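The values are calculated or read from the model by the stated rules, or taken from the named source; none is laboratory data. None of the values given here were measured: they were computed from a predicted structure. Glycine gets a Cβ as well: all are built from the backbone with ideal geometry, and neighbour counts include every protein chain shown.
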Amino acid sequence: MSGHDTRAAGPPQGAHCAPSGGSAAAEPQAWGQDTRAAGPPQGAHCAPSGGSAAAEPQAWGGPARTAPAATGDAIGIGTQASRRVTFDAEAIRQFATLCGDHNPLHHDAAAAAAGPFGALIASGPHVVALMMGLDATFLSQRHEALGLGFEFRFVKAVLAGTTLTLEWTVSGVEQKASLRGDVVSVEGRAFDDAGTVYVTATGRNLLRRVD
């Protein structure tokens, strides 16, 4: 999954996100902070359709929390959201099966060990879905949010057992009267605790205020 670009356009946001009874305190570092104003955490677990975040807290990522923008309900430039995810071997196999990716590098430990990365690696859609799910959850907490288009670049293969921080930062907000809302641009990345970047991304979302 490294070294090439993939594009995902249109309203669907990859992974289904739903409120959970989990506690944000269980993974206090799961979310980033607004770069200008901190606020109270808000919890939400993210999981693939048919899966349970509570049953696989490491495989699918921990609770999601965000700080409100400085101007109340408005999303401001510099606002950030992030979550930590561990890509274990079982989750890599399960997600690749769910999305129809039967590349042995995501399923067969022996074949993967003899391959270019020396171990199982996460499929591209696995990382993309979790990042797009984070974007959707983050922006839809106080708005009606629709994805307009995203671009991802895989910089480094995600080996089984790797823990990454998935992060989005709002880079632009443009009022769009013809769409009856604001077009919010975001920049994303997935990186490990050493700061090594595995995935970079850009995206555009349409936000409308919920009355």
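Can you spot a residue in the stretch 94-117 that is loosely packed, with under 15 Cβ neighbours inside 10 Å, of a type outside the set (Val, Ile, Thr), modelled with pLDDT under 95 and under 28 Å from ARG204 (Cα atoms)? Among the residues of the stretch 94-117, not one is loosely packed, with under 15 Cβ neighbours inside 10 Å, of a type outside the set (Val, Ile, Thr), modelled with pLDDT under 95 and under 28 Å from ARG204 (Cα atoms), which makes the answer no. Taking the stretch 159-176 as the range and being outside any strand (DSSP E or B) and surrounded by 17 or more Cβ atoms within 10 Å (Cβ to Cβ) as the test, only ALA160 passes.
Scoring LYS156 on the criteria (1) surrounded by 16 or more Cβ atoms within 10 Å (Cβ to Cβ); (2) at pLDDT below 95; (3) basic (Lys, Arg) leaves a single failure, condition (2). Within the stretch 140-160, none of the residues are hydroxyl-bearing (Ser, Thr, Tyr) and under 30 Å from GLY115 (Cα atoms).
For the stretch 177-198, the set of residues classified as over 14 Å from ARG83 (Cβ atoms) and assigned to a strand (DSSP E or B) consists of GLY181, ASP182, VAL183, VAL184, SER185, VAL186, GLU187, VAL197, TYR198, listed by residue number.
Hey, which of the helices (runs of 4 or more DSSP H) in the stretch 74-157, taking only ones fully inside, have at least 1 residues that are free of Cβ contacts under 8 Å to residues at least 40 places away in the same chain and within 27 Å of GLY172 (Cα to Cα)? Here the list reads 124-140.
Cβ separations smaller than 9 Å between residues 6+ apart or across chains give the following pairs from the stretch 171-199 residues that are under 14 Å from GLY76 (Cβ atoms) and at pLDDT 95 or above to residues that are part of a strand (DSSP E or B) and aromatic (Phe, Trp, Tyr): VAL186/PHE150; VAL186/TRP168.
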